[in-house]
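All remarks here apply to the structure that follows.
The values are calculated or read from the model by the stated rules, or taken from the named source; none is laboratory data. In this text the structure is predicted, and so the values were computed from the model without any measurement. Note that each Cβ is placed from the backbone with ideal geometry, even for glycine, and that neighbours are counted across all protein chains shown. Surface accessibility is based on the protein's heavy atoms, side chains included, excluding ligands, DNA and RNA. Shrake-Rupley method; radii C 1.70, N 1.55, O 1.52, S 1.80 Å.
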Amino acid sequence: MWARCPSIRAIRVKLADLSRYAEAAGLSVRGAFHPRPEDGVPSRDTEPVGTLVLLGWAGGRHWPSFAASPEAVDGALHPLDRWSERVIGAMAKEFGAAALYPFGGPSYWPFQRWAQRGDNVFASPLGMYVHPVHGLWHSYRGALCFRQRLDLPPKEIQAHPCESCAAKPCLDTCPVGAFTTAGYDVERCAAHVRSAEGAACRQGGCLARRACPVAPGQAYGAEEAGFYMKAFLAAH
Ligand code: B12
Ligand code: SF4
Ligand code: SF4
């Protein structure tokens, strides 16, 4: 389950240093927290993890780092997951952390639950988590686990964006009604996206997601949206 544990060096890690390294590598620090037993963070070599730092993307600005990478063009399977393992694996080694990833299951580490602890995100009617600044346009690429309890700033309290969204256009935009209050009908979605009528979803990304009024300026470009849809269809 653990990515290979690097040797532990006695370094004093600061969140600001992690953030600088991450940005230069094409990632952002997407939150951090001191795990409690109920968070489901696995212990590291039998010792509890003192701090979990989430890494990911927000908006479309990180896409070019991946698009220019060897993984994006080598034609092998799971290019973004392999890019994440390489970049986050190197970061883990640099800072004496161990890495966990959101992919590679089943089973999966509960990244969305962790995001609720460390980031300002809220469950949306779509299942995806909505961020007050990035809307639905964000994702997690991995997490760094430190034995130490790093100094963390207090978590900002922000309002749940869906509570002030009376119209909830995300729930009635999907042409085949794949998102309902009962959940997400994956098969119905995939069948439509694959069909001739599904060209808009295939090329521009999920229409329900695009209908959300939060942070429209951060919506993914056509190349990034198309890449995710291709990966989604390959898995279904
Ligand atoms: C399995 C999975 C799927 C499955 C099933 C989703 C489902 N119905 O649960 C499929 C393949 C369908 C899927 C699709 C998508 N997924 Co997905 N998925 C996952 C994965 C790998 C595991 C989820 C899980 O079982 N976790 C284990 C449980 C125990 O963890 P948890 O945090 O407590 O569980 C939460 C989720 O299950 C969530 N949830 C419940 N229903 C749904 C429905 C949807 C659509 C989503 C996204 C989440 C969700 O609520 C739970 C409670 O917090 C996660 C990564 C991860 N490790 O979490 C990504 C993840 C949830 N997916 C993500 C995304 C963005 C998507 C897509 C929207 C787009 C994409 N991948 O490009 C698509 C939707 C398809 C579309 N047409 O647009 C993101 C969500 C980011 C965010 N903003 O919240 C995650 C976190 C991956 C990431 N790297 O960031 N996904
Ligand atoms: S459209 Fe409204 S309800 Fe749906 S995710 Fe966006 S803010 Fe939340
Ligand atoms: S991708 Fe298209 S079919 Fe699937 S849920 Fe989104 S709008 Fe509906």
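Within the set 163, 156, the sole residue that is free of Cβ contacts under 8 Å to residues at least 60 places away in the same chain, surrounded by fewer than 14 Cβ atoms within 10 Å (Cβ to Cβ) and in a loop (DSSP other than H, G, I, E, B) turns out to be 156. Do the conditions hold for residue 84, that is, is it surrounded by 21 or more Cβ atoms within 10 Å (Cβ to Cβ), modelled with pLDDT of 95 or more and part of a helix (DSSP H, G or I)? It is true that residue 84 is surrounded by 21 or more Cβ atoms within 10 Å (Cβ to Cβ), modelled with pLDDT of 95 or more and part of a helix (DSSP H, G or I).
Taken over the stretch 166-185, the residue count meeting the criterion of being within 16 Å of ligand 3 (Cβ to nearest atom), exposed (fewer than 13 other Cβ atoms within 10 Å of the Cβ) and of a type in the set (Gly, Ala, Ser) is 2.
The helices (runs of 4 or more DSSP H) falling completely within the stretch 186-228 that include 3 or more residues that are within 9 Å of ligand 3 (Cβ to nearest atom) and surrounded by fewer than 19 Cβ atoms within 10 Å (Cβ to Cβ) map to 186-194. Of the residues in the stretch 101-134, how many are within 9 Å of ligand 1 (Cβ to nearest atom) and either in a loop (DSSP other than H, G, I, E, B) or crowded, with 22+ Cβ neighbours inside 10 Å (or both)? The number of residues fulfilling the criteria is 20. Every listed requirement among (1) in contact with a helix residue (DSSP H, G or I) (Cβ under 9 Å, 6 or more places away or on another chain); (2) open to solvent by 40 Å² or more (accessible area, probe 1.4 Å); (3) in the same structural domain as residue 47 (by TED's automatic domain parsing) is met by residue 142 save one, (2). Across the stretch 158-183, what is the number of residues that are touching a Lys or Arg at 6+ places or on another chain (Cβ under 9 Å) and polar (S, T, N, Q)? The number of residues fulfilling the criteria is 1.
Among the residues examined, residue 200 does not qualify as of a type in the set (A, V, I, L, M), outside the structural domain of residue 118 (by TED's automatic domain parsing) and within 23 Å of the chain's Cα centre (by Cα).
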